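The values are calculated or read from the model by the stated rules, or taken from the named source; none is laboratory data. From a predicted model like this one, the values you see are computed outputs, not experimental measurements. Positions of Cβ are generated from backbone atoms using ideal geometry, with glycine treated the same way; all protein chains shown enter the neighbour counts. To get the accessible areas, we keep the full protein, side chains included, count just its heavy atoms, and leave off ligands, DNA and RNA. Shrake-Rupley method; radii C 1.70, N 1.55, O 1.52, S 1.80 Å.
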Amino acid sequence: KAWLTFLVLQLAGGSLLAVADREIEAKEVALAWLTFIDAGDYGKALDQTDPVFRESITRKDWIDGLTQVRKPLGEVETRRLLRLFATTLLPDSPEGDYVVVNFRTEFTSRKDPVNEIIVVSANPETPPGSKPWRVIGYYFE
């Protein structure tokens, strides 16, 4: 019985590790994507999002919206990870393989807005590293 318990714990631990690896992988994609936003290259940022996201907004509306709302915040002074978690359910979205990455970011023109980036796997069955995660939403307050 002891070896069976050990095997079950090892299998469960391996599964938890895989989830943590996927979350870290998604966080790295989110940070890389934010470099486009931080540089004001909103069109390039849009090009890197999931097709579902790109179909939900016109390029002009995306660029105009971020120019009006994000650009006035200024340059990033600090960005600190607040929360990172995997989920299969998001409001107004189909069931899927999502990771929510939440940063607290200080800007030169305003302190402490929260940036929340939702990242979705290209294919829920894909093992880590095989297919890129894609940003599917960008929110800040």
Q) Which one is farthest from residue 100 (Cα to Cα) among residues in the stretch 23-71 that are of a type in the set (Lys, Arg) and open to solvent by 50 Å² or more (accessible area, probe 1.4 Å)? A) 60
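Filter the stretch 72-91 for residues that are open to solvent by 80 Å² or more (accessible area, probe 1.4 Å) and in contact (Cβ under 8 Å) with a residue 24 or more places away in the chain; which is nearest to residue 39 (Cα to Cα)? Step through it out loud before you land on a result.
Step one: filter the stretch 72-91 for residues open to solvent by 80 Å² or more (accessible area, probe 1.4 Å), giving 75, 77, 80, 83, 89, 91.
Still in the list and also in contact (Cβ under 8 Å) with a residue 24 or more places away in the chain: 75, 77, 80.
Details: 75: 8, 77: 13, 80: 18 Å.
It comes out as 75.
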Q: Tell me which of these residue 13 doesn't satisfy, since it passes every other one: (1) modelled with pLDDT under 80; (2) under 17 Å from residue 87 (Cα atoms).
A: (2)
Q | Enumeration of residues in the stretch 82-106 that are more than 11 Å from the chain's Cα centre (by Cα) and more than 16 Å from residue 22 (Cα to Cα) | A | 82, 89, 90, 91, 92, 93, 94, 95, 104, 105, 106
**Q.** Qualifying helices (runs of 4 or more DSSP H) (wholly inside the stretch 34-141; at least 1 residues being modelled with pLDDT under 90, touching a strand residue (DSSP E or B) at 6+ places or on another chain (Cβ under 9 Å) and not aromatic (Phe, Trp, Tyr))
**A.** 51-56
